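For reference, the structure is listed below as structure tokens.
The values are calculated or read from the model by the stated rules, or taken from the named source; none is laboratory data. The structure displayed is predicted, hence computed values, not measured ones. Neighbour counts run over all protein chains shown; Cβ positions are idealised from the backbone, glycine included.
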Amino acid sequence: MIEKGMSFATNGKKKATMKFTSHSYRPELESSEYCDETFHTLYQNFISMLRWICELGRVDMLHETFLLSQYIELSLLSSMFMTL
């Protein structure tokens with residue numbers, strides 16, 4: 001069974017596919033709604049968890065976490081769903 005976001009390379013090993021790329025994300029063109037208080041707190045918690053993951057050694061996620069954490073004060077619903 002292939003998990004969501006995973007695909008098999010030609011040698012049989014799992015290869016991760018990127019859901020988030022900095023080339024496809026354009027915050028200035030974003031038209032989604034802002035998060036309410038509950039989702040805003042959840043978004044802040046997700047960003048905190050991602051920062052800890054980066055501190056513990058996952059430096060491959062550092063750039064994406066930085067891009068998402070730029071909008072931690074005024075977060076959009078689409079940004080929150082990107083953290084999932």
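Figures for the structure shown
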{"read-out": "Given (1) exposed (fewer than 15 other Cβ atoms within 10 Å of the Cβ); (2) modelled with pLDDT of 75 or more; (3) in a loop (DSSP other than H, G, I, E, B), number of the condition residue 62 does not satisfy", "value": "(3)"}
{"read-out": "Residue that is farthest from the chain's Cα centre (by Cα), among those in the range 72-81 that are surrounded by fewer than 17 Cβ atoms within 10 Å (Cβ to Cβ), in contact (Cβ under 8 Å) with a residue 12 or more places away in the chain and under 17 Å from residue 29 (Cα atoms)", "value": "74"}
{"read-out": "Residue within the range 36-45 that is touching a Leu at 6+ places or on another chain (Cβ under 6 Å) and not acidic (Asp, Glu) present", "value": "no"}
{"read-out": "Unmet criterion (only one of (1) assigned to a helix (DSSP H, G or I); (2) at pLDDT 75 or above; (3) exposed (fewer than 11 other Cβ atoms within 10 Å of the Cβ)) for residue 31", "value": "(1)"}
{"read-out": "Selection within the range 50-59 - in a helix (DSSP H, G or I) and surrounded by 12 or more Cβ atoms within 10 Å (Cβ to Cβ)", "value": "50, 51, 53, 54"}
